[in-house]
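Data block below; observations after.
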Amino acid sequence: MLASLPRPPTDTSRYGTFPQKPDLPATPGALGEDSGQQAATTTAKRSAPMPNYPSAPRHSGFVPSEPSLLPSRGSLTTQHHRGHPSWCPPPAPQEAGARLYPLHALSVANIPNSSHGKTSARSSTIPTPEGLQSRRCKLLEEDSPMVQASKRQRQRYVTKVGKCQVNLGNIQDKKRFLSDIFTTIVDLKYRWFLFVFMMCYVITWLVFGFIYFFDAWVRGDVGHQGDPEWRACIENVDGFVSALLLSVESQRTIGYGTRMVTANCAEGVILLIAQSIVGSMIDAMMVGCMFVKISRPKKRAQTLIFSKNCVISRRDEKLCLMFRVGDLRESHMVDAKIRAKLIKSRQTAEGEFIPLEQSELNLGYDTGEDRLFLVEPQIICHVINRHSPFWDMSAESLRREQFEIIIILEGIVEATGMTCQARTSYTEDEILWGYRFEPCMSLEKGAFQVDYSRFEMTFEVQTPAASAKELHELKELEQQEHSTLSLYWDHLLQPC
């Protein structure tokens, strides 16, 4: 007798899979006869507690009445047959009495007010000719958003390396850039920065060299070279090349001793003082720009890495969106904080179209989990609750959406004390439903060892394909049924 009893349910099989018996294909005559039996069976199932069943056998189809989908990206191809949308029937069933079942069917009852169930019920009762059905599937296939998105190249708002794909144009008041010349020079690319760096020195040498040559030519120093009785203002300047050498020697304070400015003219002394001041200003500005350009915190952001994909799975009985972040340097980030933005276009109730609207994703701002002690790779978690934009998004609707998640990691560089910011982005195609990150830390010789070769690795876990909203409604329905049964059982135990 004990062997024939069913096994007790476990906590891990609460949302597990269960096998279903294949039903015979419904006919219009049988639908009317079985409608009363189906209604009675549904009422009996809802009045009884929901059991937990073992895992289902592996098949390659799907049940239209079930609200669940395949959770993983890799098994998504088993839902469709050669690119046919989910609302189109398969090309030709292999057997007349066989029905296909999902690989992971969610062991839940149909949630009330589910449009998916209504649509599948209608499509199963209304017969359609084969020619009209094939034409309709072809039209739906061409107009499907997934096919259209694959045809055109997706434009990202922020690249994987953190570069913003936004070009500014038609700027009329460009003199604002000259008012902040230091930041303008630092923001230049290296080839233009080096060109500006060299031209600042070359132009000043040429200008002051020409002034030296013009002064020597006007005073007659060029024509009296080698005359011991001539009191020259600028000695040993017989042409423009020698005047240019005098300019370089004066500004760089080299002073070889053959060419020099004497005290026989006041303009030569003033010219030497002016060149020394201008040369000091150029040195201070260009050397400062070079130092800032080399030690910019943008280069420090290159050693902050993010995982290539996001994953969605359950953690502490909650559906969560997770990604991994790590620091490759031994000098850590001080006061590291992380934020996430959802970029998605939408249309308001008044008909206004808002392109690329930014909304905040909560990464633990209220609990302080967004402040990181980034010593080892950490998995950042976004709990999908009723305040999350992914609250009513399931595995199927995720593939039809178009959005982008921007991740921003900020902190202070421990070596320089400068603020650093690293960015990356994830599109809907880079989110894996039903996966989890593999651990990459181990304890070796009294210290924790991080294996960055496992940083990107994920593995598949059992995750319901329904949305967090549907799972929440299911949990409330189970609690109501459990409370009703417990009240009924307590009423039976009370003495008359």
Residue that is among the charged types (D, E, K, R), closer than 20 Å to Asn362 by Cα and in contact with a helix residue (DSSP H, G or I) (Cβ under 8 Å, 6 or more places away or on another chain), where the choices are Glu410, Glu438, Glu460, Glu428: Glu428
Any hit, the range 430-441, residues being among the small types (Gly, Ala, Ser), in a loop (DSSP other than H, G, I, E, B) and surrounded by 15 or more Cβ atoms within 10 Å (Cβ to Cβ): yes
Hits in the range 442-479 - residues which are open to solvent by 70 Å² or more (accessible area, probe 1.4 Å) and without any contact (Cβ under 8 Å) to a residue 24 or more places away in the chain: Leu443, Glu444, Lys445, Gly446, Gln449, Ser453, Arg454, Met457, Lys475, Glu476, Gln479
Selected residue (criterion: farthest from the chain's Cα centre (by Cα)) from residues of the range 382-407 that are polar (S, T, N, Q) and open to solvent by 40 Å² or more (accessible area, probe 1.4 Å): Asn385
Filter result (within 16 Å of Glu401 (Cα to Cα) and free of Cβ contacts under 8 Å to residues at least 12 places away in the same chain) within the range 340-350: Arg346, Gln347
Total residues in the range 411-429, condition under 18 Å from Thr159 (Cβ atoms), in a strand (DSSP E or B) and open to solvent by 50 Å² or more (accessible area, probe 1.4 Å): 2
Test: residue in the range 335-343 that is surrounded by 14 or more Cβ atoms within 10 Å (Cβ to Cβ), modelled with pLDDT of 90 or more and part of a loop (DSSP other than H, G, I, E, B): no
Selection from the range 259-270 of residues that are open to solvent by less than 70 Å² (accessible area, probe 1.4 Å) and closer than 15 Å to Leu245 by Cα: Arg259, Val261
Residue among Gln165, Gln172 that is without any contact (Cβ under 8 Å) to a residue 24 or more places away in the chain and within 30 Å of Phe323 (Cβ to Cβ): Gln165
Selection within the range 204-228 - of a type in the set (A, V, I, L, M) and part of a loop (DSSP other than H, G, I, E, B): Val222
Subset of the range 223-258 (residues that are open to solvent by less than 40 Å² (accessible area, probe 1.4 Å) and over 60 Å from the mean Cα position of the chain (by Cα)): Ala232, Cys233, Ile234, Val237, Gly239, Ser242
Failed criterion for Tyr201 (all others in (1) open to solvent by 90 Å² or more (accessible area, probe 1.4 Å); (2) modelled with pLDDT of 80 or more; (3) more than 24 Å from Lys299 (Cβ to Cβ); (4) part of a helix (DSSP H, G or I) hold): (1)
Qualifying residue in the range 351-365 (condition: without any contact (Cβ under 8 Å) to a residue 12 or more places away in the chain and in contact with a Phe, Trp or Tyr (Cβ under 6 Å, 6 or more places away or on another chain)): no
Matching residues, the range 229-266, being touching a helix residue (DSSP H, G or I) at 6+ places or on another chain (Cβ under 6 Å) and part of a helix (DSSP H, G or I): Phe240, Ala243, Leu244, Leu246, Ser247, Val248, Ser250, Gln251
Identity of the residue in the range 276-330, open to solvent by 70 Å² or more (accessible area, probe 1.4 Å) and over 30 Å from Met198 (Cα atoms), that ends up nearest to the chain's Cα centre (by Cα): Lys308
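The values are calculated or read from the model by the stated rules, or taken from the named source; none is laboratory data. No experiment lies behind these values; they were computed from the predicted model shown. Reconstructed Cβ throughout: ideal geometry from the backbone, glycine too, with neighbour counts over all protein chains shown. Quick note on the areas: whole protein, heavy atoms, side chains included, nothing else; ligands and nucleic acids left out. Shrake-Rupley method; radii C 1.70, N 1.55, O 1.52, S 1.80 Å.
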